[in-house]
Each structure stands twice: as C-alpha cells, then as structure tokens.
Amino acid sequence: MLPMLAAKLLGKKVVLALGGFIEKEGQIKKDMLYKPLSSLKRVNLALSNRIILYSPGLIEEWNLKKYRNKISIAHEHFLDFNKFRLEKPLTHRNNLIGYIGRLSQEKGILNFMEAIPEVLEERGNTSFFVGGDGQLHDKVKQGLERENLNKVQFVGWIPHDELPRYLSDLKLLVLPSYTEGLPNIMLEAMACGTPVLATPVGAIPDVIRDCETGFIMEDNSPECIARNIIRVLNHPNLEQIAQNVRALVEREFTFEKAVERYREILRDPSNERKRD
C-alpha cells in the first residue's frame, strides 16, 4: 500500500496488474493472514487508475465486478522458444503423467496423488512424475512412501533451465488447481508439445479448449482427475492436439504480442478501453 499511496500523493496514474488473488488462495489455505492482506488489496484496487487481469473470466471469479469500468485484459507471458521447444514427438514418449508446480493446498497436489492408484488399476503401464517444492513437500513425500507408489518419481524442486527436459518426457501435464491466474508451467508445457489437463479456473479456459488445445476436467476431485487422465490416454487424436498446443503458444505468447497489448494500456491508463 505504501508505494500506491506515495504514487497517488505525487499525482501519478497507477496501473495494478493482478496475477493472483489473496482472498481465493487464503480461503483454501485457511491462512490467518488472508483477511488483513485482502483488506489491503481492496484499498489498492480502489486507489488504482486501471486494473489489469489475465482474463475476463477473472472479473467474476475474483469478485471484481465493482471495478469493471477500470479493468483491462492483458498478460505479460511470453516464452523463450529456443529453450521451450519440441524435442521429442508425443508418439516417442512413454505414458508418463506429471505434476510440476508449487506443493501447496490451492494447487490440488494432494488430490492428484489420491488419483494415482485409480489410474494404475486401469492403466498399469502408466507412470507418474511429481516435481516442485512448497509447504506440502514432506507430506507429499511421506504420502508416496506410505502408499508404496513405486511408479511415482518425486524429484522436488526443478531449476527453471531444466524444465524443458522434464516437460519433453511427459505424455500429459496435470494442473488440478483450485485457483490460478495464467500458469507459466501450462504454457511452457504446451511449447514443448505436451498436452495439459487442467481445471477451468483463472485464465486457463481462455487457452485450453477441451479436445482441441488440451483437456479440461469438471473439478479437481481425485475421482475426476483419474477419470480424465484415462480419457486423455485413450484419446485417438492426442498427437494432433499436441501439435495444436504448440502452434497456439507460438502464435499468441510471443514477446511482441505481450508488449503490444501493454503498450495500448500504458499509453493512457485512465482512458484505455476495456477489451472484451
């Protein structure tokens, strides 16, 4: 709030870009700090001249309807296609299903783990991969050991430079999140030709169209996750979908695209019209 107040006292126009929303995450984590932090965020929202969201759907999801007249839609996501590129066609990959991300409650990682035994019952030739770190690290590790899930590789935190190697081995990346903005790991996987199965939260439905540019699941219950993983593995056009996802990010998530939209907004943040 202090930078915001200083800018307003100096007569500056302020653009607030939201990549996440503390109220949604705090409710899921039951974090005692989320109420005071969400109060501070509401003050910042009121003081800002313009608010930038990744998706029109977030206006409703994050309960921002009262600020609709000063909301613009843009993202700052762009990919290094020299790093995140197609190295291995999907047909040359094993049935390896992965989760890569923060190991925290709102990401749905525990639900993903509960889904694994059900998938293995029907598709015994499937293996799993978990990468990431967070407050649930020990719980995830202990859970895998307790259930004796020897078909799950758990590597912990992955340096960003090593992500392309892991993503290029996956047949499918699963994002069972309760809340999201526009996840980088989703776009990076797509750039590597890896389809993504995700919940329809945040800006994800703006990017993933079911059975066209990835896969959407109704919710992130373990049963739903398992059912949809099996659906993806049985899909007859999975290779074509992998080609579609790569073409989409190459077209829409370039540096030039991100700069063009932000330039429109920042020219005059008080007069810039909202993009539907």
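The values are calculated or read from the model by the stated rules, or taken from the named source; none is laboratory data. Not measured: the values here are computed from a predicted model. Don't worry about glycine lacking a Cβ; one is built from the backbone with ideal geometry, like all the others, and counts go over all protein chains shown.
A few points about this structure:
- Of the strands (runs of 3 or more DSSP E) lying entirely inside the range 24-120, those carrying at least 1 residues that are touching a residue at least 24 places away in the same chain (Cβ under 8 Å), of a type in the set (Ser, Thr, Tyr) and in the same structural domain as VAL152 (by TED's automatic domain parsing) are 96-100.
- Selected residue (only one of VAL207, VAL245, VAL249 is touching a residue at least 60 places away in the same chain (Cβ under 8 Å) and under 17 Å from the mean Cα position of the chain (by Cα)): VAL249
- Within the range 215-235, considering residues that are in a helix (DSSP H, G or I) and of a type in the set (Val, Ile, Thr), the one surrounded by the fewest Cβ atoms within 10 Å (Cβ to Cβ): ILE230
- Residues of the range 42-61 that are closer than 22 Å to LYS13 by Cα and either surrounded by 18 or more Cβ atoms within 10 Å (Cβ to Cβ) or among the aliphatic types (A, V, I, L, M) (or both): VAL43, LEU45, ALA46, LEU47, SER48, ARG50, ILE51, ILE52, LEU53, TYR54, ILE59.
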